Each structure stands twice: as structure tokens, then as C-alpha cells.
Amino acid sequence: MDIVMAPGFDFDQLRTFVAVAEAGSLSAAAPRVFLSQSSVSEQMRKLEERVGVTLFTRGKQGVSTTPAGERLLGHARQLIAQSEHAWHDVRGFSLAGELRLAITDYFRPGDVARMLRHLGVAYPSLRIHVTILKSGVIESGYETGDFDIGLSMRVLGKSLGRDAVAGTRTLGRESLDWVAAPDFVLEANASLPLLVLPDTCALHRFTTQWLDEQHVPYTIAHVASGVAGLQLALNAGLGVACLNASAAGPSLARIESLMPGRRLPPLPQAEFHLLPARRGEPAWVTQARDALAEQLSAPAGVTAR
């Protein structure tokens, strides 16, 4: 009696497929999965041969998923997450409970929802309640027990009234850039129209202090309630803002000069970190922090194992 093997997937190919679909091109996906572009192309060729359908439409601007590719994308995300859940479960690593997580609005807004959704699939008994707040509020609330885990940002070299918290776990650093709409033009002799979050935001205070120190004239042209609102105001051409790289998004342009003879002062880096464990916290919260650190420090488009 012949045994017919059921069709299946190669998980490395699936991870690469997800990275390509989210990055929009083979070249952009390659560093996310730590492969060469030729290796990414070869994996996608083998995956399409395996499933017998075309998964991507290829063009000058990159690739986009076909209807079949879009269906596979949903399955691939679930399969990868379930594989990781099984891996941790077999090794006795299981998370369950209500986790209160506070995250700064500036932390990878285009990625964080996907990463948290991935954690939710990998650990179905872990219920994460997310609050988006300013870093100073997160650190103060964490000290008084308002949150189980806090993720905050600080500008390197500028304490702005708050020193680095001892024992924090760094998730990564990003450049701070002056950004605006690609077609933004400043009128001659006009002061810099600055777009910011409210003055309780540490980055607002840093930006105005930095411009004052560099003797750059500016006016507060718009105050947004959050990063999404700030991005809308920037895309509308209302002015210029200081943003970390992942919060700026692809639609905005980095600018170094407003016009000949008027350069903006260079900016330092920003650092994102998880606040340290509190004395006596439950073991499962410590495990959740470790799982979050692994997931949230992964490059964009990559899900941690």
C-alpha cells in the first residue's frame, strides 16, 4: 500500500514570504530575514512551486501579493505563531494572565500592533491590555504599580528632568530626524513652523530646548494629540517636526536645510527600553517581559522565534 504524504510548508520559506509581503520588495525583505536578495528570491521561487500558484505580482516598484498570496499571508502568520507557541509549550514555557502594558506612542507605530497580535496568537492564555502614553507618564505610573510592564523612550544625552532608569532593557536605538512633507517649502525669512505633541511630551520639550540652544527661530504651528495626528499634520504640509525614524513613516522626507544658508541643527539618537522588573513581581510577568523583549527588539517584518 502506497503512503501519500500530505502537502506541507517550509517554515523558513513562510517567514521569508511574510517579510517580503510586508516589506513590499525582495531587496527590502532580505535584511529583515538575514538573507541575501538572491536567497530570498530562491525561497520565493520554491514556495510558489510548492503551492502551485503565483503569490506575488512583480513590478518596477516592488511586489504585491496576489489574491492567493493574500490568503496565504493570513495562514502563514498563524502557522508561524502556532509553531512558536508549540515550541515554548513543549519546553515548559507557558504564559497566562492579564498583563497591563504601557507603550510610548513613538515606538514603531507601524509594527507594534502586528507584534502584539503575534504574541497573542503564540500565547493565547495571555491577555494584554495596552495603554499608549507619554514616556514620563509611563515611568511615573510604573513606579506606583499602574502597569505590569512599561516601554519608554529617552533622548540620549538629554535627561530633560528624568535620568535613565537603572536596570532597563534596551530594545533599540533610532535616529531622530527633522521631517516634513516632501513638497514642504518654507517662505523666505519665516520662522520654522514646528509641529509637536503637547508640552507634557519629553520630545516636545527636547525639540524646543534644542532649537533655543541653537538659536533657530520657530513658532508652534500645530499641537497634535498623538503621533498619528502629527503624521497627518506633517503630510498636510503644516510644518516640520522632530521624530524618530520608525515614527516618521515612509511618506515623510528627512530635511537638513530649509533653504540655502539655513540648516537645521543635527539631532542625537533616541533609545527605547523596557523598564526593569519590580521587586516581588510574579514569575509569569518576568517571563512575559522576556517574551516581549524578544519580540519587540526584532527587526521590522521579522517575528522572533
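In table form, for the structure just shown:
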read-out	value
Residue tally, condition assigned to a strand (DSSP E or B) and either open to solvent by less than 30 Å² (accessible area, probe 1.4 Å) or modelled with pLDDT under 85 (or both), over the stretch 105-144	3
Checklist (1) at positive phi; (2) surrounded by 14 or more Cβ atoms within 10 Å (Cβ to Cβ); (3) at pLDDT below 85 applied to Leu95, failing item	(1)
Residue match in the stretch 220-229 (condition: buried (at least 19 other Cβ atoms within 10 Å of the Cβ) and in contact (Cβ under 8 Å) with a residue 12 or more places away in the chain)	yes
Some residue of the stretch 7-18 being in a helix (DSSP H, G or I), touching a residue at least 12 places away in the same chain (Cβ under 8 Å) and aromatic (Phe, Trp, Tyr)	yes
Qualifying residue in the stretch 224-236 (condition: part of a loop (DSSP other than H, G, I, E, B), over 21 Å from Glu187 (Cβ atoms) and either touching a helix residue (DSSP H, G or I) at 6+ places or on another chain (Cβ under 7 Å) or at pLDDT 95 or above (or both))	yes
Qualifying residue in the stretch 151-159 (condition: modelled with pLDDT of 90 or more, in contact with a strand residue (DSSP E or B) (Cβ under 7 Å, 6 or more places away or on another chain), under 19 Å from Ala288 (Cβ atoms) and not aliphatic (A, V, I, L, M))	yes
The stretch 27-57: number of residues that are modelled with pLDDT of 90 or more and of a type in the set (A, V, I, L, M, F, W, C)	7
Cβ pairs under 8 Å, 6+ apart, first in the stretch 172-196 and outside any strand (DSSP E or B), second among the aromatic types (Phe, Trp, Tyr)	Ser191/Tyr218
Members of the stretch 250-304 found to be open to solvent by 20 Å² or more (accessible area, probe 1.4 Å), modelled with pLDDT under 80 and touching a helix residue (DSSP H, G or I) at 6+ places or on another chain (Cβ under 6 Å), listed by number	Pro299, Val302, Thr303
Where Asp212 falls short, out of the listed (1) touching a strand residue (DSSP E or B) at 6+ places or on another chain (Cβ under 8 Å); (2) not in a loop (DSSP other than H, G, I, E, B)	(1)
Residues of the stretch 199-213 classified as touching a residue at least 40 places away in the same chain (Cβ under 8 Å), open to solvent by 30 Å² or more (accessible area, probe 1.4 Å) and under 16 Å from Val240 (Cα atoms), total	3
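The values are calculated or read from the model by the stated rules, or taken from the named source; none is laboratory data. What you see is a predicted model; the values in this text were computed from it and never measured. Cβ: placed from backbone, ideal geometry, glycine included. Neighbour counts: every protein chain shown. Areas reflect the complete protein model, heavy atoms only, side chains present, ligands, DNA and RNA absent. Shrake-Rupley method; radii C 1.70, N 1.55, O 1.52, S 1.80 Å.
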